[in-house]
């Protein structure tokens, strides 16, 4: 990849390759997964600042104002003598530096126990920070937050509140695991409810098909607040530097959260302003705004660290203070305690951790409100409906990815930090022409997004997940123009896969994608369509029967579609497969 990038950029990467080889042999995998990504982040910060700061690239030797490593590419972007950004930097070189340095930054490898323990301590410390932030907010801060949140969400909250009061919710079981270890169809056999949920969502209406099953009510264990099961905090792979910390919710909580989430998402879509300002459905508007910001410098992209863990429950209560039924529903479905490995059970000041179905929309609503509080402070007057109309589409929040006009960015950053958020300065951009949001990166209107390695390379055919990831990586590189690298990868893949045909992107077969179309090896005698011999993903859904149980009828009534499910065995097998394999056969190449 280094050689191919060098040819494209009319430079040489021979010494760069030797540096990577030497340092990875002596420093281990951490050089590729931690040190190189830090180089990439420093490079992005330099693009934003318009020059290379002496404090950046500390792990690499310098020549002049620039690092020696990837120097041939850097010389086409920055002036080595002054470190300043060139008037017309080479876009291909920017893309090459980002690809070569950031490629292994998100590889899914479990962190060391020490790094996991450090992340758990940070989770607990975050709780203390949220409490400090709550105490810091003045009545004036609360009044501004409440007034702006009313302007934004009053109509939507009123509609959701009314629906819950008169119609209730249509709950739903999510696909993930839960704190009580119920999976698949076993979730419809749940026998645990909470007294807090019972006040708003009586279990007789939500756990049984009808009241004729009241003879089974005694089987339900209704837990008082002190008996409730806490969320289970666990690490999942993010980077080798630190894991992502999430929390598994109890089944009954997740069940109700999904129903409330559906009503809130409908409210976002139906509201004219919120549809263009906050969304849980599509990242595309944020990506387009980032592209626009990189082109004309009008919009800034902000990223928050530990975003969900720093949203205070008190702020969510302020959001919902005038909507009694919705507020009671959200509060009843919120877990109040967390079981943190190494720290025991702690009481939560945050609204919810990642893992709660309501975490994402409420953090977005809180951040949108706080951003507008910051804009109002800079304007030094109350925001009006006309101001909101002018800001429509220019202020956008998707989770912790935020878009704001550049002229308000300092006030918005100050407001976010005052309300307890933590702005990630390494991934927030507003000075230069580089922007990043929702997985897309742009420089001066050019897409400089890269392809990342997600799994370690497979050693044998039984490593199905790694094989699937490697083939996907190869095909993404093909469409990114790294054809020589793809040829090398093809030679590596064919050592593991005996059959590796050319197929279209729509085909289920693990094969090569090409602009030249797909290949056909024979015709299907029955359906008269082309076939190729190759491998496809294969998995067995665990047995999890609901037959002869009232939960089967509950599952039917909760079906969102007017048509019955196409899976004939959905009452027998359910949940995520425990093992993923690949199988060989004849399949269509498209």
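Tabulated data
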{"item": "Sorted by Cβ neighbour density within 10 Å, fewest at the top, the residues 213, 478, 398", "result": "213, 478, 398"}
{"item": "Sorted by Cβ density within 10 Å, fewest first, the residues 358, 584", "result": "584, 358"}
{"item": "Average projection area in nm² (convex hull over Cα atoms of segment 167-237, one quarter of hull surface)", "result": "6.1 nm²"}
{"item": "Extent along principal axes [Cα atoms of segment 184-310; Å; largest to smallest]", "result": "67, 41, 27"}
{"item": "Per residue convex hull volume, Cα atoms of the chain, in Å³", "result": "181 Å³"}
{"item": "Taking the C-alpha atoms of segment 484-590, convex hull volume expressed per residue in Å³", "result": "170 Å³"}
{"item": "Estimated FRET transfer efficiency when R0 is 51 angstrom, pair residue 495-residue 113 (beta carbons, to 0.05)", "result": "0.90"}
{"item": "Relative frequency of Cα-Cα separations exceeding 18 Å in segment 256-360, percent", "result": "61 percent"}
{"item": "Overall dimensions of segment 294-451 by Cα: Rg and Dmax, Å", "result": "17.1, 51"}
{"item": "Pairwise Cα inverse-distance average, inverted: Kirkwood Rh of segment 408-547 (Å)", "result": "19.1 Å"}
{"item": "Share of Cα-Cα pairs in segment 96-250 lying beyond 24 Å, as whole percent", "result": "62 percent"}
{"item": "Whole-number D in µm²/s for segment 214-274 (Stokes-Einstein; Kirkwood sum over Cα pairs; 4 °C, 1.567 mPa s)", "result": "84 µm²/s"}
{"item": "Stokes-Einstein D in µm²/s, Kirkwood radius over Cα pairs - segment 29-87 at 10 °C with 1.306 mPa s viscosity", "result": "139 µm²/s"}
{"item": "20 Å-binned pair-distance histogram of segment 113-443 (Cα, whole percent)", "result": "30, 57, 12, 0"}
{"item": "Distance from segment 84-102 to segment 387-422 (C-alpha centre basis), Å", "result": "28 Å"}
{"item": "Label point distance in nm, residue 522-residue 281, each placed 7 Å from Cα along Cα→Cβ", "result": "4.6 nm"}
{"item": "Rh (Kirkwood; distinct C-alpha pairs) - segment 2-105, Å", "result": "13.6 Å"}
{"item": "At q = 0.28, 0.29 Å⁻¹, base-10 log of I(q)/I(0) for segment 250-317 (Debye sum, equal scatterers on each alpha carbon)", "result": "-1.17, -1.17"}
{"item": "Value at 222 nm in deg cm²/dmol, rounded to 500, when DSSP H runs of n ≥ 4 in the chain each add -39,500 (n - 2.57)", "result": "-12500 deg cm²/dmol"}
{"item": "Centre separation in Å (Cα based) which lies between segment 152-187 and segment 274-328", "result": "20 Å"}
{"item": "Paramagnetic label zone (point 7 Å from Cα along Cα-to-C-beta, residue 270; backbone N under 20 Å) in segment 549-579", "result": "560-562"}
{"item": "Pairwise FRET efficiency - residue 150 versus residue 212, Cβ, R0 = 25 Å, nearest 0.05", "result": "0.05"}
{"item": "Cα-based equivalent ellipsoid of segment 460-538: semi-axis lengths in Å, sorted from largest, via gyration tensor", "result": "22, 16, 10"}
{"item": "Inter-part distance where segment 478-513 and segment 527-577 are each reduced to a Cα centre, Å", "result": "30 Å"}
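Any read-out appearing in this document is the output of simple, stated calculations on the displayed coordinates, not a laboratory observation. Computed from a prediction, not measured in an experiment: that's the story for all the values here. Ideal geometry is used to build each Cβ from the backbone, glycine not excepted, and the neighbour counts take in all protein chains shown.
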